[in-house]
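Report on the following structure.
The values are calculated or read from the model by the stated rules, or taken from the named source; none is laboratory data. Everything numeric in this text was worked out from a predicted model, so none of it was measured. Neighbour counts run over all protein chains shown; Cβ positions are idealised from the backbone, glycine included. Remember, those area values only see protein heavy atoms, side chains included, never the ligands or the DNA or RNA. Shrake-Rupley method; radii C 1.70, N 1.55, O 1.52, S 1.80 Å.
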Amino acid sequence: MATWLKTGADGEMIRSADREVRDTVERTLADIEQRGDAAIRDLSIRFDKLERDDYRLSDAEIQGCLDQLTQRDLDDIAFAQTQVRNFAQHQRDALRDIEVETLPGVILGHKNVPVNAAGCYVPGGKYPLLASAHMSVITAKVAGVPRVITCAPPYQGKPAPAIVAAQHLAGADAIYCLGGIQAVGAMALGTASIQAVDMLVGPGNAFVAEAKRQLFGRVGIDLFAGPTETLVIADDSVDGELCATDLLGQAEHGPDSPAILLTTSEALARDTIAQVARLLEILPTAGIARKAWETYGQVIVADSDEEMVQIADKIASEHVQVMTRDPDYFLTHMRNYGALFLGPRTNVAFGDKAIGTNHTLPTKGAARYTGGLWVGKFLKTCTYQKVLTDDASAMIGEYCSRLCALEGFAGHGEQANIRVRRYGHRDVPYAGIPS
């Protein structure tokens, strides 16, 4: 039976914080819907300290941001974007339109149709997270979305050059310097200056995530997202320094980011706790990472790999890093995770920044029922049917008529019966009327 050497925050503490966020978002979205651009401007001044007549960046402003980066910066962005684009294209190529003749004269098919417009949120108030531009804009463009707009908050009072460069180079059709609820609300609801989109994607803080949740139905969303989560699964084939580095490397995202070690080695567990304490004395982002670790960090010692799989599937973490003698065991047996990082040579930061898989992933247990952002999220799989012969129409019509009668749908039944009469040349009564 597993032992918890360290536990995280209780559920009621988390639920109480969620309620406060939910109420704030509801009021703010109502204000945006009522006042449009005026509300967007007021919110931007209040929360981002940015006042502009138009929050869309001009071509000159975009070029100015590009000019602030070195050639090495631009080359590094290009490398990351190439990896994301290549993998997204392989995903798109795996999705086929189909058309099959299921019965003589009966043709069924589906087409993968991209949404018309997507809004991509790129977080950047605390850190300029340019990688989120690659993950959302490029993926949408590879899927074939005609109009892709982006919003990112100002960084230190102005558009973040690296984020703007990433948005532009990824192919964004319009770039706005807007953050938080006001950005998500403007893209989803539309204003006089911002045309509404059909789908919202991208990570963000608790307010952004809740805004997306409340707007779901008005627009599509990629997934319900919460704070960054990481689960390190390890045995005594690795050391505590490696585990501690990978835990704190994700805990620095925010003070509410869970970081969990799951291991079969109590010695490794205790070494990792000690290494976390050591690294927190020298890590530049220790102020954030320490709060996350103290409040949400966990250390769990299990009896076997099998038990670690059971616990990991129950946690359903966003990121799962596996550093064991046989990492493929977890690839074979685990079912609930956002993304797997297998073996000590890889890590979550590779996936976040450069390797090519998408870093927008399910949190808060959503990995039980969904994967992360990919080209398929921007596609609607739409079906169609054709009946090519009289005999096929009459034959399907007879089955349909009888099934409609079982359900009491007379109007549906007559849709079938009129085709039996016309194409099968058989005298069937009007649906619902005894013969």
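Solvent exposure of F79, expressed as accessible area, is near 120 Å², computed with a probe of 1.4 Å over the protein chains only.
Ranking T245, T324 from most to least accessible surface, computed with a 1.4 Å probe over the protein chains only, gives T245, T324. Protein heavy-atom accessible surface, 1.4 Å probe, per residue over the chain: 49 Å².
Heavy atoms only, probe 1.4 angstrom, no DNA, RNA or ligands counted: give me D75, D67 ranked by accessible area, highest first. Numbers along the way, then the final one.
Working: D75 80, D67 110 Å².
Solvent-accessible surface, decreasing: D67, D75.
GNM remark for the chain: springs join alpha carbons under 10 Å apart, and the peak mean-square fluctuation among C400, C65, C382 falls on C400.
Just to verify a number: FRET efficiency for D59 and D37, C-beta to C-beta distance, R0 = 22 Å, to 0.05?
Details: r = 21 Å, r/R0 = 0.97.
Between D59 and D37 the formula returns 0.55.
Rounded is the label for region 114-236. Its Cα gyration tensor axes, ordered a ≥ b ≥ c, give a/c under 1.5.
Over all directions, average the projected area of the Cα convex hull of region 325-435 and note it in nm². Walk me through the numbers before you get to the answer.
Details: hull surface 50.4 nm².
If you wrap the Cα atoms of region 325-435 in a convex hull and average its projections, you get 12.6 nm².
Work out, step by step, the length gained on full extension between K126 and I282: first 0.36 nm times the residue separation, then minus their alpha carbon distance; give nm to one decimal. List each step's numbers first, then the result.
Numbers: separation 156, 0.36 × 156 = 56.16 nm, distance 1.99 nm.
Gain on stretching K126 to I282: 54.2 nm.
Full extension of the chain between K49 and H333 yields a length gain of 97.3 nm, computed as 0.36 nm times the residue separation minus the alpha carbon distance. Per the Debye formula on identical point scatterers at the alpha carbon atoms of region 258-334, with no solvent, log10 I(q)/I(0) at q = 0.10, 0.26 Å⁻¹ is -0.26, -1.28.
Rounded to the nearest Hz, the phi-derived 3J(HN,Hα) couplings of region 376-391 under the Karplus curve 6.51 cos²θ - 1.76 cosθ + 1.60 (θ = phi - 60°) are x, 5, 8, 10, 9, 8, 10, 8, 8, 9, 9, 10, 9, 10, 4, 4, where x marks glycine and proline. Computed from Cα positions, the angle between helix 286-296 and the longest principal axis of the chain comes to roughly 60 degrees.
For the residues D239, D390, D352, a GNM of the chain with alpha-carbon springs under 10 Å puts the largest fluctuation on D390.
Here region 115-129 and region 243-273 have alpha carbon centers that stand 28 Å from each other.
So what is the calculated 222 nm ellipticity per residue for the chain, using -39500 (n - 2.57) for each DSSP H run with n of 4 or more, over all residues, to the nearest 500 deg cm²/dmol? Can you show the working numbers first?
Details: 16 runs with 191 residues, N = 435.
-13500 deg cm²/dmol, from helical runs alone.
Projection of the Cα convex hull of region 15-59, averaged over all directions and equal to a quarter of that hull's surface, yields 4.1 nm².
For helix 206-215, report the angle its Cα long axis makes with the longest principal axis of the Cα atoms of the chain; keep it between 0 and 90° and round to the nearest 10°. Between helix and principal axis, roughly 10 degrees. Solvent-accessible surface (1.4 Å probe) assigned to Y369 amounts to roughly 140 Å².
Our coupling estimate for region 98-106, obtained by passing each phi through the Karplus curve with A = 6.51, B = -1.76, C = 1.60 and θ = phi - 60°, is 10, 8, 9, 9, 7, 9, x, x, 10 Hz, Gly and Pro reported as x. Highest GNM mean-square fluctuation among V387, V164, V142, for the chain modelled with Cα contacts below 10 Å: V387.
Counting only DSSP beta bridges with both residues in the chain, the antiparallel share comes to about 35 percent. Placing pseudo-labels 7 Å out from each Cα toward the beta carbon at D73 and A9 gives an inter-label distance of 3.4 nm.
Of the heavy-atom accessible surface of region 169-300 (probe 1.4 angstrom), what whole percent is carbon and sulfur? Working shown, then result.
Values: 2370 of 4590 Å².
About 52 percent, which is the carbon plus sulfur part of the accessible surface.
Using r as the Cβ-Cβ distance of D239 and Y369, and R0 as 45 Å, what FRET efficiency do you calculate, to the nearest 0.05? Efficiency at R0 = 45 Å is approximately 0.80.
In what sequence, largest accessible area first, do K353, K6, K212, K141 appear using a 1.4 Å probe?
These residues rank, largest area first, as K353, K141, K6, K212.
Residue-wise HN-Hα couplings along region 170-179, as the Karplus relation 6.51 cos²θ - 1.76 cosθ + 1.60 with θ = phi - 60° gives them from phi, are 6, x, 4, 7, 8, 10, 10, 9, 9, x Hz; Gly and Pro carry x. The alpha carbons of region 168-216 stretch over 27, 24, 18 Å along the principal axes, in descending order. Relative contact order of the chain: 18 percent, from C-alpha pairs under 8 Å at least 6 residues apart in sequence.
Between amide H atoms placed 1.01 Å from N, distances below 5 Å from K6 occur with V299, all of them 5 or more places distant or on a separate chain.
Stretched out straight at 0.36 nm per residue, the stretch from Q385 to M1 would grow longer than its current Cα-Cα span by 132.8 nm.
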